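J.: Attaching a single structure in structure tokens format; questions to follow.
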Amino acid sequence: MDKHHMMQAELLNYELGQIEQELQELDKKHEEVEQLRASLSDYETIETGKELFVPLAPGIFTKAMSVPDKTLLVNVGQGVVVKREPEHVAEMLSGQLEQMEAHQKELQALFEEKLATLQKMETQCSDS
């Protein structure tokens, strides 16, 4: 393999690693949104006056009592918080999941394309 092809192969390997890392991050975010959606379903069934553990930070909780208010406070960015019905939040989460899944498919296709290019280069070099 000449120097030019070696550099191309190194670049492709680097790009494959970056795509793989992004796919892993997307999988993690997807799982988090799925868990949030499940928690939202649980939230809708909470009885009034029930004791809850509310997270303050990862691994740190405080006790609270549930109240009849069935609206959620949603951070929409830049410190702005708005009230939303659980159904609206569920729709929002479903939309996020759809966007993530579409992006995952695009990344997977790009990964496969670059991998095929790398394999073709390696085959050509081993044949010569």
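The values are calculated or read from the model by the stated rules, or taken from the named source; none is laboratory data. Everything numeric in this text was worked out from a predicted model, so none of it was measured. Backbone-built Cβ (ideal geometry, glycine too); neighbour counts: all protein chains shown.
J.: I'm trying to understand the selection: among the residues of the stretch 77-106, which are part of a strand (DSSP E or B) and touching a Leu at 6+ places or on another chain (Cβ under 9 Å)?
T.: Once the filter is applied, which keeps residues that are part of a strand (DSSP E or B) and touching a Leu at 6+ places or on another chain (Cβ under 9 Å), the stretch 77-106 yields Val81, Val82, Lys83, Arg84.
J.: Mind checking which residues of the stretch 13-45 are of a type in the set (D, E, K, R) and in contact with a Leu (Cβ under 8 Å, 6 or more places away or on another chain)?
T.: Passing the criteria: Glu22, Glu34, Arg37.
J.: Please work out which residue is surrounded by the most Cβ atoms within 10 Å (Cβ to Cβ), limiting yourself to the stretch 1-48 and to residues that are of a type in the set (Lys, Arg) and free of Cβ contacts under 8 Å to residues at least 24 places away in the same chain.
T.: Lys28
J.: Then there's this: Looking at the stretch 71-98, which of its residues are touching a residue at least 24 places away in the same chain (Cβ under 8 Å) and either closer than 24 Å to Glu20 by Cβ or in contact with a His (Cβ under 8 Å, 6 or more places away or on another chain) (or both)?
T.: Listed by number, the residues that qualify are Gln96, Leu97.
J.: Could you look through the stretch 20-76, keep only residues that are among the polar types (S, T, N, Q), over 20 Å from Ala90 (Cβ atoms) and assigned to a helix (DSSP H, G or I), and pick out the one that is nearest to the chain's Cα centre (by Cα)?
T.: Here the answer is Gln24.
Listed here are the residues, each with its yes/no results for (1) of a type in the set (A, V, I, L, M); (2) at pLDDT 95 or above; (3) surrounded by 10 or more Cβ atoms within 10 Å (Cβ to Cβ).
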residue: Leu56; (1), (2), (3): yes, no, no
residue: Leu72; (1), (2), (3): yes, no, yes
residue: Asn75; (1), (2), (3): no, no, no
residue: Glu98; (1), (2), (3): no, yes, yes
residue: Glu101; (1), (2), (3): no, yes, yes
residue: Leu107; (1), (2), (3): yes, yes, yes
residue: Cys125; (1), (2), (3): no, no, yes
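J.: Are there any pairs with C-beta distances below 9 angstrom linking a residue in the stretch 99-128 that is closer than 15 Å to Leu11 by Cα to a residue that is surrounded by 15 or more Cβ atoms within 10 Å (Cβ to Cβ) and small (Gly, Ala, Ser), with the two at least 6 apart or on different chains, and if so which?
T.: Leu118/Ala9; Met121/Ala9; Glu122/Ala9
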